[in-house]
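Participant: One structure is given below, represented as structure tokens, and several questions about it will come after.
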Amino acid sequence: MLLPLEGGVLKEVQLKLGGATMAVMRSILYIPGNNEKMVSKSPTFPADIVTLDLEDSVPPAEKPKAREVVRENLKYAGQGGAEVYVRINNWETLLTNDDLEAVVHEGLHGVCLAKCGGPEHVRRLDWKLEELERRRGIPVGTVRIQLLIETAKGVINAYPSAIESPRVNSLIFGAVDYTKDMRVKLTTEGEELKYARAHTAVAARAAGCVAIDCPFVAFQDMEAFEKDTAYGRTLGYEGRMLIHPSQIEPSNRIYKPQPEDVEWAQGVVEAFEKDALAKGLAAISYKGKMVDTPVYENARTILAVMEEIQAKEAKRKAG
């Protein structure tokens, strides 16, 4: 069931399935906040989320300009139907407060905290967001939080960080900085990422958040991108951080439920509600296979995700 949240915040698929809350975030395109040309193209990108960056893609001398560009384009960037997030610098840089003062305005759906190391970082961010929302007349809780998990400490603390604030709706695994922190080489094969990549996905799921996969830096190798994205989906990832617009279409396609899965889910829900729930049964047989409550809930999840995707696509076409 789709429930619009107060204050124009990201429409989420609210599923009362074990307390889980999911948001459809198949594609998250990063755009340097100081690149006015790229920012001006934001509404043309069919990504679920456009993230205007104030962190690593922006040189230190350009950060004041980037804050100004981002603030002026919060509403504009979302005109194509995408939600608008901003990646902010982590607390150790002493830039976070200035980032937040600049960008927490109407039109902002969420912030991505770079290099989140632990729950104390989230707690501080939650406090600052509420202070700004109250000061600027924005309903409290409007601005959501994504956590970028990209250090050894961040990986170990991924779950406690994710549950520190109800604003946290997703975790992104950051492979480049993670391998730097671990003093290992980032490879196309990704053997060096397996533990942290899987751990972050599990932590996200345990916290009821969406797991967002790491960026694939060889953006011109589309075959490898699709193969790696499909593998990430088997780990539980439901979206991907993207560094090039060419990655949007395959990401949206790979994370979208397949037609046969939707057809199966529709049949399961209809049969279970008619033959099990209505008759007080815990399980039924559907096409020769047992369907119990977990299978039914999984089918409902597929249908809810598909409904949200269709709503996003309709909004984009209408815009």
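The values are calculated or read from the model by the stated rules, or taken from the named source; none is laboratory data. Keep in mind it's a predicted model, so treat the numbers as computed, not measured. Cβ sites come from the backbone with ideal geometry, for glycine too, and all protein chains shown count toward neighbours. Side chains are part of the model used for accessible areas, which takes the heavy atoms of the whole protein and leaves out ligands, DNA and RNA. Shrake-Rupley method; radii C 1.70, N 1.55, O 1.52, S 1.80 Å.
Participant: If a residue counts only when it is open to solvent by 10 Å² or more (accessible area, probe 1.4 Å) and within 30 Å of Phe225 (Cα to Cα), which helices (runs of 4 or more DSSP H) contained entirely in segment 110-200 have at least 2 such residues?
Facilitator: 152-156, 175-182
Participant: Something else about it: For the subset of segment 269-292 comprising residues that are touching a residue at least 12 places away in the same chain (Cβ under 8 Å) and open to solvent by less than 60 Å² (accessible area, probe 1.4 Å), which member is nearest to Arg26 (Cα to Cα)?
Facilitator: Val269
Participant: Name the pairs whose Cβ atoms lie under 9 Å apart, with the first residue in segment 156-177 and at positive phi, the second open to solvent by less than 30 Å² (accessible area, probe 1.4 Å), and 6 or more positions between them or separate chains?
Facilitator: Listed by first residue and then by second, the contacts come to nothing, as the list is empty.
Participant: Just name the residue that is surrounded by the fewest Cβ atoms within 10 Å (Cβ to Cβ) out of those in segment 1-43 that are in a helix (DSSP H, G or I) and at pLDDT below 95.
Facilitator: Taking the candidates together, the pick is Glu6.
Participant: Kindly provide the set of residues from segment 201-237 that are among the β-branched types (Val, Ile, Thr), open to solvent by less than 10 Å² (accessible area, probe 1.4 Å) and not in a strand (DSSP E or B), ordered by number. Reasoning before the result, please.
Facilitator: Keep residues of segment 201-237 that are among the β-branched types (Val, Ile, Thr), which gives 202, 210, 212, 217, 229, 234.
This time we only want the ones that are open to solvent by less than 10 Å² (accessible area, probe 1.4 Å), so: 210, 212, 229.
Within segment 201-237, just Thr229 meets the criteria.
Participant: Hey, Lys312 hits all of (1) modelled with pLDDT under 95; (2) open to solvent by 40 Å² or more (accessible area, probe 1.4 Å); (3) among the charged types (D, E, K, R) but one; which does it fall short on?
Facilitator: Condition (2) is where Lys312 drops out.
Participant: Same structure again: Thr200 - would you say it is within 26 Å of Gly154 (Cβ to Cβ), of a type in the set (Ser, Thr, Tyr) and in contact (Cβ under 8 Å) with a residue 24 or more places away in the chain?
Facilitator: yes
Participant: A further question follows. For residues in segment 178-232 being within 21 Å of the chain's Cα centre (by Cα) and among the hydroxyl-bearing types (Ser, Thr, Tyr), which is nearest to Ser57 (Cα to Cα)?
Facilitator: Tyr178
Participant: When only residues in segment 53-98 that are assigned to a loop (DSSP other than H, G, I, E, B) and more than 22 Å from the chain's Cα centre (by Cα) count, which is surrounded by the most Cβ atoms within 10 Å (Cβ to Cβ)?
Facilitator: Per the stated criteria, the residue is Leu95.
Participant: Same structure again: What are the pairs with Cβ atoms under 6 angstrom where one residue, in segment 83-104, is within 29 Å of Glu308 (Cβ to Cβ) and in contact (Cβ under 8 Å) with a residue 40 or more places away in the chain and the other, located anywhere, is in a strand (DSSP E or B) and of a type outside the set (A, V, I, L, M)? Sequence gap at least six, or different chains.
Facilitator: Tyr85/Thr51; Tyr85/Gly110; Tyr85/Cys112; Arg87/Thr51; Arg87/Asp53; Arg87/Cys112
Participant: Quickly run through segment 238-268 and pick out the residues that are buried (at least 22 other Cβ atoms within 10 Å of the Cβ) and either free of Cβ contacts under 8 Å to residues at least 40 places away in the same chain or over 17 Å from the mean Cα position of the chain (by Cα) (or both).
Facilitator: Scanning segment 238-268 gives Ala265, Val268.
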